[in-house]
Amino acid sequence: MAILKGAAVTTAAFLIIMLMSYWAAGQANPSLDATARGYLQKRGLAHSFIELQKGWVHYRLEGPEGGPLIVLVHGFSVASFVFDDYVAPLTAAGYRVLAFDNYGRGFSDRPEAIYDADLTDGLIVELLDKLGLGEPAHFVGYSMGGAAATIFAARHPERVRSLTLIAPAGLDIPGERNVDLIKRPFIGDWIVRMFGLRIFHDAAAEEAKAAPNPARFLADFDRQMDYRGYGEALLSTLRHYPLTASGDAYAEAGQSPRPVLVIWGERDRTVPFANAQRLMQLMPYASLRSYPKSGHEIAFSQAPLVAGLITAFIAAQGTGSASAGGGVISRIGTRPAGAAPQAAPKPDGAAAE
């Protein structure tokens with residue numbers, strides 16, 4: 001009996017320590033409040049903020065007011081800073097560019113909500129409406145942002161002029177044991193609260209190696225983790241966002257003859273390039289540009305190349321040649337087996353691979 005009592009006391013003490021550690025870790029970082037937003041703007045780290053129904057959203061809107069609108073949608077863990085090198089070339093080409101931080105990322109609020117497709121879709125609709133951007137826009141989505149842009153196109157087809165999908169998520173991704181563990185109730189919450197920031201930092205540090213300025217990329221990434229709620233937002237996204245189950249949205253959006261450009265690095269180990277075959281079946285009007293020497297980081301490691309592809313793609317829509325259509329595939333650097341050699345189109349100033 002004494003042994004049982006001792007074990008019960010030890011177990012209770014252990015649980016109390018775990019709960020206290022969990023609570024303390026959740027209070028370690030400051031909230032992203034008005035003071036923090038003002039501080040970030042004063043230091044030149046943040047652009048503009050707007051209050052929406054679910055909270056404050058950080059965004060960047062630049063370019064001529066009369067220019068065609070391009071909306072940039074970032075991925076799972078990186079915020080809109082991933083598109084920093086796109087703004088200058090796109091605005092110089094005459095486009096108005098909107099980039100924003102999704103809820104839970106960057107400098108946008110981390111509301112207590114379910115981070116699913118509805119939350120992101122609602123943010124985009126409300127942001128566009130509140131900024132008075134009612135015209136159909138060209139959407140560019142990277143990774144999870146590709147799924148978000150496609151879901152938006154499926155739900156609001158009248159608001160999307162074209163889609164550019166860069167290594168888009170939403171289709172099958174090989175399961176990872178660690179991700180499955182984190183998605184479990186209680187234990188996943190504890191792991192993310194206690195160790196999540198270190199896990200996310202280490203993953204970003206590996207990605208940063210491919211960035212033109214690794215130190216700047218990692219600093220921008222880490223800065224969003226200075227504020228409470230980042231890890232919890234990513235965990236909720238893992239549990240509720242259709243990161244591997246957006247096939248219906250791709251199929252619905254793919255029924256439209258709307259121009260679609262898909263850009264993918266064939267060495268992508270985050271969202272496998274093998275998914276491109278299914279995506280092209282779901283979106284038969286799309287054209288694909290693949291790069292054998294690039295991986296998932298292509299959006300920021302090859303920003304001049306990708307921005308040039310976007311510019312050329314949108315500009316071509318005015319000439320009636322916006323999309324190659326019919327599932328045309330172009331591999332830059334090699335050619336499909338059995339295909340006759342042909343020069344793949346490269347935009348001016350494209351980065352060499």
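The values are calculated or read from the model by the stated rules, or taken from the named source; none is laboratory data. Being a predicted model, the structure only gives us computed values, none of them experimental. FYI the Cβ positions are ideal-geometry reconstructions off the backbone, even for glycines, and counts take in every protein chain you see. Accessible surface areas use protein heavy atoms only, side chains included; no ligands, DNA or RNA. Shrake-Rupley method; radii C 1.70, N 1.55, O 1.52, S 1.80 Å.
Name every residue in segment 59-75 that is within 17 Å of residue 139 (Cβ to Cβ) and either of a type in the set (S, T, N, Q) or assigned to a loop (DSSP other than H, G, I, E, B) (or both), in order of residue number.
63, 67, 68, 74, 75
Just the residues that are closer than 15 Å to residue 57 by Cβ and either open to solvent by 30 Å² or more (accessible area, probe 1.4 Å) or not polar (S, T, N, Q) (or both), please, taken from segment 69-80. First the steps, then the outcome.
Start the filter on segment 69-80 by keeping residues that are closer than 15 Å to residue 57 by Cβ, which leaves 71-74, 79-80.
The answer is 71, 72, 73, 74, 79.
Of everything in segment 45-58, what is in contact (Cβ under 8 Å) with a residue 40 or more places away in the chain and assigned to a strand (DSSP E or B)? Give them in sequence order. Break it down stepwise before answering.
Our first condition is that a residue be in contact (Cβ under 8 Å) with a residue 40 or more places away in the chain; within segment 45-58, this holds for 45-46, 49-50, 52-58.
Those that are in contact (Cβ under 8 Å) with a residue 40 or more places away in the chain and assigned to a strand (DSSP E or B): 49, 50, 52, 55, 56, 57, 58.
Would you call residue 66 open to solvent by 40 Å² or more (accessible area, probe 1.4 Å) and over 14 Å from the mean Cα position of the chain (by Cα)?
yes
Can you spot a residue in segment 260-279 that is open to solvent by 60 Å² or more (accessible area, probe 1.4 Å), of a type in the set (S, T, N, Q) and in contact with a Leu (Cβ under 7 Å, 6 or more places away or on another chain)?
Of the residues in segment 260-279, the ones open to solvent by 60 Å² or more (accessible area, probe 1.4 Å) are 267, 269-270, 274, 277-278.
Applying the additional criterion that residues be of a type in the set (S, T, N, Q) yields 270, 277.
Then drop every residue that is not in contact with a Leu (Cβ under 7 Å, 6 or more places away or on another chain), which leaves none.
No, because not a single residue in segment 260-279 is open to solvent by 60 Å² or more (accessible area, probe 1.4 Å), of a type in the set (S, T, N, Q) and in contact with a Leu (Cβ under 7 Å, 6 or more places away or on another chain).
Of (1) at pLDDT 95 or above; (2) in a helix (DSSP H, G or I); (3) not polar (S, T, N, Q), residue 23 satisfies all except one. Which?
(1) is the only condition that residue 23 fails.
Restricting attention to segment 220-237, report how many residues are assigned to a helix (DSSP H, G or I) and either open to solvent by less than 20 Å² (accessible area, probe 1.4 Å) or closer than 11 Å to residue 104 by Cβ (or both).
First, the residues of segment 220-237 that are assigned to a helix (DSSP H, G or I): 220-224, 230-237.
With the extra rule that they be either open to solvent by less than 20 Å² (accessible area, probe 1.4 Å) or closer than 11 Å to residue 104 by Cβ (or both), the set shrinks to 221, 224, 230-237.
Total meeting the criteria: 10.
In segment 90-101, how many residues are open to solvent by less than 10 Å² (accessible area, probe 1.4 Å) and assigned to a loop (DSSP other than H, G, I, E, B)? If you could, list the steps in order and put the result at the bottom.
Of the residues in segment 90-101, the ones open to solvent by less than 10 Å² (accessible area, probe 1.4 Å) are 90, 97-101.
From the residues that got through so far, the ones that are assigned to a loop (DSSP other than H, G, I, E, B) too are 101.
So the answer is 1.
Scan segment 108-128 and give yes if some residue there is out of contact with any His (no Cβ under 8 Å at 6 or more places or on another chain) and at positive phi, otherwise no.
Within segment 108-128, not a single residue is out of contact with any His (no Cβ under 8 Å at 6 or more places or on another chain) and at positive phi.
Which of the residues that make up segment 148-175 are within 13 Å of residue 124 (Cα to Cα) and touching a Phe, Trp or Tyr at 6+ places or on another chain (Cβ under 8 Å)?
Narrowing segment 148-175 to residues within 13 Å of residue 124 (Cα to Cα): 148-153, 155-156, 159-160.
If the condition is that a residue be within 13 Å of residue 124 (Cα to Cα) and touching a Phe, Trp or Tyr at 6+ places or on another chain (Cβ under 8 Å), then 149, 150, 152, 153, 159, 160 are the ones that fit.
Residue 303 - would you say it is in contact with a helix residue (DSSP H, G or I) (Cβ under 6 Å, 6 or more places away or on another chain), among the small types (Gly, Ala, Ser) and closer than 28 Å to residue 118 by Cα? Give the derivation first.
Details: in contact with a helix residue (DSSP H, G or I) (Cβ under 6 Å, 6 or more places away or on another chain): yes; among the small types (Gly, Ala, Ser): yes; closer than 28 Å to residue 118 by Cα: no.
In short, no.
Here is a yes/no grid of residues against (1) at pLDDT below 95; (2) surrounded by fewer than 22 Cβ atoms within 10 Å (Cβ to Cβ):
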{"residue": "29", "(1), (2)": "yes, yes"}
{"residue": "37", "(1), (2)": "no, yes"}
{"residue": "43", "(1), (2)": "no, yes"}
{"residue": "51", "(1), (2)": "no, yes"}
{"residue": "61", "(1), (2)": "no, yes"}
{"residue": "86", "(1), (2)": "no, no"}
{"residue": "108", "(1), (2)": "no, no"}
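Taking the condition in contact with a Ser or Thr (Cβ under 9 Å, 6 or more places away or on another chain), of a type outside the set (Lys, Arg) and not in a helix (DSSP H, G or I), does residue 139 pass? So that I can check it myself, show each step before the final result.
Working: in contact with a Ser or Thr (Cβ under 9 Å, 6 or more places away or on another chain): yes; of a type outside the set (Lys, Arg): yes; not in a helix (DSSP H, G or I): yes.
Here the answer is yes, as residue 139 does meet what is asked.
Starting from residues that are polar (S, T, N, Q) and more than 20 Å from the chain's Cα centre (by Cα), keep the ones in segment 281-310 and report whichever is least open to solvent (accessible area, probe 1.4 Å).
Applying the first criterion (polar (S, T, N, Q)) to segment 281-310 yields 281, 287, 290, 294, 301-302.
With the extra rule that they be more than 20 Å from the chain's Cα centre (by Cα), the set shrinks to 281, 287.
On the way: 281: 130, 287: 3 Å².
It comes out as 287.
Working only within segment 226-247, note down all residues that are over 16 Å from the mean Cα position of the chain (by Cα), under 24 Å from residue 29 (Cα atoms) and of a type outside the set (Lys, Arg).
226, 227, 229, 232
Return the pairs, sorted by first residue and then second, in which the second residue is outside any loop (DSSP other than H, G, I, E, B) and basic (Lys, Arg), the first residue lies in segment 125-140 and is surrounded by 18 or more Cβ atoms within 10 Å (Cβ to Cβ), the beta carbons are less than 6 Å apart, and the residues are 6+ apart or on different chains.
138/161
For a quick check of your reading of the model, give me the residue pairs whose first member lies in segment 239-250 and is surrounded by 18 or more Cβ atoms within 10 Å (Cβ to Cβ), whose second is aromatic (Phe, Trp, Tyr) and not in a helix (DSSP H, G or I), with beta-carbon atoms closer than 8 Å and at least 6 apart or on different chains.
Qualifying pairs under 8 Å: 241/115; 243/76.
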